[in-house]
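Since the structure comes first, as structure tokens, the remarks are kept for the end.
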Amino acid sequence: MQITPTSLEFVVAGFHALSDSLRVQVLDLLREQELCVCDLCEALEVSQSKLSFHLKVLKEARLVQARQEGRWIYYSLNLPQFVVLEQYLAEFRRFSPILPARVCRNDD
């Protein structure tokens, strides 16, 4: 994976977004289905203002995407961005002196 300044910015933002337990809980809920802010607030037992901050961080990291339907905003996972983070981490495995090469390859 060739890291450009722009892609590095999103990798950093992605790992920053994953460093908070509430944001990880949001992502876990979104694994199942798209949810509106009100459903997320209820499930997580947090205020909309607190959740809005965390959703902004997740959106800036491109880990979630939002769509508006009427007055409601629905959030879902942006899976291609998770692939970017996964590929970034895979590069470490590829060159790891600890793991044998056959364990690290994804084509087995």
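Considering only residues that are touching a residue at least 24 places away in the same chain (Cβ under 8 Å), closer than 15 Å to LEU30 by Cα and of a type in the set (A, V, I, L, M), which ones fall in segment 58-94?
Once the filter is applied, which keeps residues that are touching a residue at least 24 places away in the same chain (Cβ under 8 Å), closer than 15 Å to LEU30 by Cα and of a type in the set (A, V, I, L, M), segment 58-94 yields LEU58, LEU63, VAL64, ILE73, LEU77.
Within segment 34-55, which residues are within 17 Å of LEU79 (Cα to Cα) and either without any contact (Cβ under 8 Å) to a residue 40 or more places away in the chain or basic (Lys, Arg) (or both)?
Pass one, segment 34-55, residues within 17 Å of LEU79 (Cα to Cα): 34-35, 55.
LEU55 - this is the single residue of segment 34-55 that is within 17 Å of LEU79 (Cα to Cα) and either without any contact (Cβ under 8 Å) to a residue 40 or more places away in the chain or basic (Lys, Arg) (or both).
Taking segment 16-72 as the region of interest, how many residues are among the hydroxyl-bearing types (Ser, Thr, Tyr) and over 14 Å from the mean Cα position of the chain (by Cα)? If you could, list the steps in order and put the result at the bottom.
Here is the first cut: in segment 16-72, the ones among the hydroxyl-bearing types (Ser, Thr, Tyr) are 19, 21, 47, 49, 52.
Of the ones still in play, those that are also over 14 Å from the mean Cα position of the chain (by Cα) are 47, 49, 52.
Summing the residues that are among the hydroxyl-bearing types (Ser, Thr, Tyr) and over 14 Å from the mean Cα position of the chain (by Cα) in segment 16-72 gives 3.
Only the coordinates and a few stated rules stand behind these numbers; no lab work does. Model, not experiment: these values are computed from the prediction. Cβ coordinates were reconstructed from backbone atoms using ideal geometry, including for glycine residues, and neighbour counts include every protein chain displayed.
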